[in-house]
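The values are calculated or read from the model by the stated rules, or taken from the named source; none is laboratory data. Because the structure is a prediction, the values reported are computed rather than measured. Don't worry about glycine lacking a Cβ; one is built from the backbone with ideal geometry, like all the others, and counts go over all protein chains shown.
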Amino acid sequence: MRIVANLQVCQGHARCEDLCPEVFSTDAVEGKVVIEQSEFAPELEDKVRMAVRNCPEGALRIAKGTKA
């Protein structure tokens with residue numbers, strides 16, 4: 001599984017980074033999500049799913065496989 005972000009939708013609330021800083025960060029210039037690890041380790045799956053669910057704009061999704 002991997003993470004995909006829609007930067008046109010992201011408003012930079014950074015909830016994803018708060019919930020899972022191992023995978024998400026925030027761009028210092030635009031204030032939008034940066035995915036540090038698009039393909040994440042299985043032990044981070046619960047934290048990643050929580051971060052995706054908590055995005056107010058729904059800008060994040062989990063994709064199966066290696067292509068979005």
query: hydroxyl-bearing (Ser, Thr, Tyr) and free of Cβ contacts under 8 Å to residues at least 60 places away in the same chain - does that describe any residue in the stretch 48-68?
result: no
- prompt: In the stretch 13-32, which residues are surrounded by 12 or more Cβ atoms within 10 Å (Cβ to Cβ) and among the small types (Gly, Ala, Ser)?
  reply: Ala14, Ser25, Gly31
message: I'd like to verify a number: residues in the stretch 21-49 that are farther than 14 Å from Arg61 by Cα and not charged (D, E, K, R), how many?
response: 9
- prompt: Do the conditions hold for Arg2, that is, is it surrounded by 12 or more Cβ atoms within 10 Å (Cβ to Cβ), touching a residue at least 24 places away in the same chain (Cβ under 8 Å) and among the basic types (Lys, Arg)?
  reply: yes
task: Give the residue that is farthest from the chain's Cα centre (by Cα), with candidates limited to residues of the stretch 43-67 that are surrounded by 11 or more Cβ atoms within 10 Å (Cβ to Cβ) and in a loop (DSSP other than H, G, I, E, B).
output: Glu57
- line: Selection from the stretch 19-42 of residues in a helix (DSSP H, G or I) and modelled with pLDDT under 95 yields Pro42
- request: Can you tell me which residue within the stretch 1-37, out of those that are of a type in the set (S, T, N, Q) and farther than 11 Å from Cys55 by Cβ, is farthest from the chain's Cα centre (by Cα)?
  value: Gln8
